[in-house]
Amino acid sequence: MSLESVKKSDVLIIGAGVIGLSLARELHKKGFGRVTIIEKGSVGREASYAAAGMLAAQAEGGRADDFFHFCRESAGIYPQFAEELLDETDVDIELDREGTLYLAFTEADVEELARRFEWQTGAGLTVERLSAVETHKLEPFVSPDVLGSLYFPDDWQVENRRLLYALEKYCRRFGIEIIENAGVKALLLENEKVVGAETAGGKFFADRVVLATGAWTSLIKAGKLTLPEVKPIRGQIIEYHTAKRLFHKVIYSPRGYLVPRRNGRILAGATAADTGFDKTVLKEETGVLRENALEIAPSLINLDIHDQWVGLRPLAADALPVIGAIEEAENLYVAGGHYRNGILLAPLTAKVLAEHLAGENNSPYLDAFGPRRRRLNAAEA
Ligand code: FAD
Ligand code: GLY
């Protein structure tokens with residue numbers, strides 16, 4: 001019997017991405033005594049590290065549904081989240097509230113902008129329509145071919161790698177144990193009750209277990225239990241560097257985006273392909289990303305690509321997050337399927353699940369995004 005096998009946690013979180021780490025912090029704040037995270041690799045080095053850090057409810061939203069409101073409410077938590085993390089860890093997560101521009105280059109893009117303007121103003125959101133001249137005034141390096149843009153002042157960005165660093169620092173400072181290089185192969189079950197998880201290095205027992213395992217959620221063995229279906233969607237990003245910040249805002253087009261960081265990094269993203277767990281950087285995708293970036297800002301042509309990488313977005317069967325209790329099993333929970341918006345959704349996901357685990361009022365978002373909604377949908381089909 002290994003040493004690990006005799007330890008028992010109040011809550012065992014599997015996966016140290018932005019979701020697992022944010023949840024651990026929230027549970028600790030609620031007074032949960034022993035919270036442990038087990039991670040198959042290193043802390044925060046998968047999708048959460050690969051992400052662009054946009055808090056892009058309006059730029060990425062399609063209509064004013066539950067998911068959209070969940071995104072907006074989570075973005076609303078960010079100013080306090082950033083401030084608290086600074087107090088708790090001395091790490092500035094670089095929340096940047098300059099807003100986001102969404103550009104049009106073709107007649108089809110102009111129609112797309114008009115559609116977005118209509119439903120978003122209809123939903124009472126702040127969105128401004130800008131001419132080409134007004135767009136250039138805000139961002140002089142945008143292409144002269146731009147036909148106009150929308151400005152979303154409430155779509156922000158955060159430096160997601162600093163966010164991960166802050167969350168990890170919080171965990172280590174406040175006694176949340178993180179065990180790296182410990183991949184969970186199977187859940188430990190006693191009848192229908194989940195009592196822990198098993199890795200090659202030992203068994204970890206807990207009163208409650210949370211799957212925060214991103215794109216890998218469906219790979220864990222769980223006896224007769226059905227775990228939520230989540231699959232990886234690869235996303236490649238290329239990065240440029242400039243000595244001085246060229247852009248102030250996040251800049252979207254219908255084909256790609258540029259995210260300017262404080263230190264001169266510019267992320268140009270992102271591809272999306274349903275091709276399994278392969279994280280190889282692909283030349284063809286580099287070409288597409290470069291082309292989309294140059295459409296937004298032709299002056300980038302003079303810059304070399306400084307870095308590029310691939311991350312795996314976790315996509316659930318109905319493309320919605322999966323958050324809450326897995327009801328066939330006692331003591332098993334999931335926080336996953338955040339697909340393109342896990343950075344944005346981390347604070348609210350952590351809040352609603354931590355409240356649930358603490359036995360407080362259940363958020364209506366647990367009805368909208370609980371694992372059970374999939375079975376209800378299936379029964380209706
Ligand atoms: P992950 O960060 O992948 O973490 C899951 C962790 O679980 C991993 O560390 C993994 O190693 C671990 N794990 C898995 N299985 C096991 C196991 N069996 N045992 C132990 N550990 C395990 N979102 C935004 O909000 N804004 C953006 O701008 C944005 N841009 C993106 C750009 C790209 C290119 C990509 C790929 C994603 C982007 N996203 C963005 C999406 C966002 O990155 C994800 O939704 C989010 O990171 C999911 O967080 P997570 O913690 O669930 O997953
Ligand atoms: N949310 C940006 C992306 O997933 O690429």
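Just so it is clear, none of the values below were taken in a lab; they were calculated from the coordinates. Remember, it's a predicted structure, so these values are computed and weren't measured experimentally. Methodologically, a virtual Cβ is constructed for each residue, glycine included, from the backbone with ideal geometry; neighbour enumeration extends over all protein chains shown.
In terms of the Cα gyration tensor, with a ≥ b ≥ c the square roots of its eigenvalues, is the range 155-241 rounded because a/c is under 1.5, prolate because a/b exceeds b/c, or oblate? In terms of gyration-tensor shape, oblate. For the range 217-290, chymotrypsin sites (Phe, Trp or Tyr not before Pro) are listed when DSSP marks them as loop and at most 15 other Cβ atoms sit within 10 Å of their Cβ; the list is 277.
In percent, rounded to a whole number, the relative contact order of the chain is 23, using alpha-carbon pairs under 8 Å and six or more apart. Pairs from the list 8/185; 169/279; 30/221; 224/279; 244/279; 29/351 with a Cα-Cα gap above 21 Å: 169/279; 30/221; 224/279; 244/279. For the range 136-186, the alpha carbon positions stretch 53, 28, 18 Å along the principal axes, listed from largest to smallest. Membrane-span-like helices in the chain (whole DSSP H runs, Cα extent of at least 15 Å along the helix axis, mean Kyte-Doolittle hydropathy of at least 1.0): 342-357.
Debye-formula intensities of the range 292-381, expressed as log10 I(q)/I(0) at q = 0.12, 0.17, 0.19 Å⁻¹, are -0.52, -0.77, -0.90 (one equal scatterer per alpha-carbon, no solvent). The overall shape of the range 31-73 is oblate: from the C-alpha gyration tensor, with semi-axes ordered a ≥ b ≥ c, the ratio a/c is 1.5 or greater and a/b is no larger than b/c.
What ratio of Cα Rg to 2.2 N^0.38 Å holds for the range 122-161?
Compactness ratio reported: 1.41.
Could you give me D for the chain, from Stokes-Einstein at 37 °C and 0.692 mPa s, where the hydrodynamic radius is the Kirkwood radius over C-alpha pairs? Units µm² s⁻¹, please. The estimated diffusion coefficient comes to 153 µm²/s.
Decide, for the range 115-260, between rounded, prolate and oblate: order the square roots of the alpha carbon gyration tensor eigenvalues as a ≥ b ≥ c, take rounded if a/c falls under 1.5, and otherwise choose prolate if a/b is larger than b/c, else oblate.
Judged from the Cα gyration tensor, the range 115-260 comes out prolate (a/c at least 1.5, a/b above b/c).
Model label sites at residue 126 and residue 294, defined 7 Å from Cα along the beta-carbon direction, differ in position by 3.7 nm.
For the range 3-80, the calculated P(r) over all alpha carbon pairs, in 10 Å bins from 0 to the bin holding the longest distance, is 16, 34, 34, 13, 3, 0 percent.
Bin width 10 Å, alpha-carbon pairs only: give the P(r) of the range 1-135 as whole percents, running from 0 to the bin holding the largest distance. Pairs per bin, as whole percents: 9, 28, 29, 19, 10, 4, 1, 0. For the pair residue 29 and residue 243 in one chain, pulling the backbone fully straight at 0.36 nm per residue adds 73.1 nm over the alpha carbon distance. Model label points for residue 87 and residue 302, set 7 angstrom from Cα along the Cα-to-Cβ axis, are 4.6 nm apart. Can you return the aspartates and glutamates within cross-link range of residue 231? Criterion is Cα-Cα under 19 Å, with same-chain partners fewer than 8 residues away left out. Cross-link targets: 39, 46, 274, 278, 318.
In terms of Cα atoms, the Rg and Dmax of the range 278-325 work out to 15.9, 51 Å. Highest mean packing first, where packing is the average number of other Cβ atoms within 10 Å per residue, the peptides 17-28, 317-328, 52-63, 223-234 line up as 17-28, 52-63, 317-328, 223-234.
Put a dot 7 Å past the Cα of residue 185, heading toward its Cβ, do the same for residue 134, and the two dots end up 6.1 nm apart. Per-residue packing, averaged as other Cβ atoms within 10 Å, sorts the ranges 109-117, 298-306, 166-174 into the order 166-174, 109-117, 298-306, beginning with the highest.
Relative to the current alpha-carbon distance between residue 355 and residue 66, full extension at 0.36 nm per residue lengthens the span by 102.1 nm. Start at zero, step by 10 Å, and the Cα-Cα distances of the range 95-143 spread as 22, 51, 26, 1 percent across the bins.
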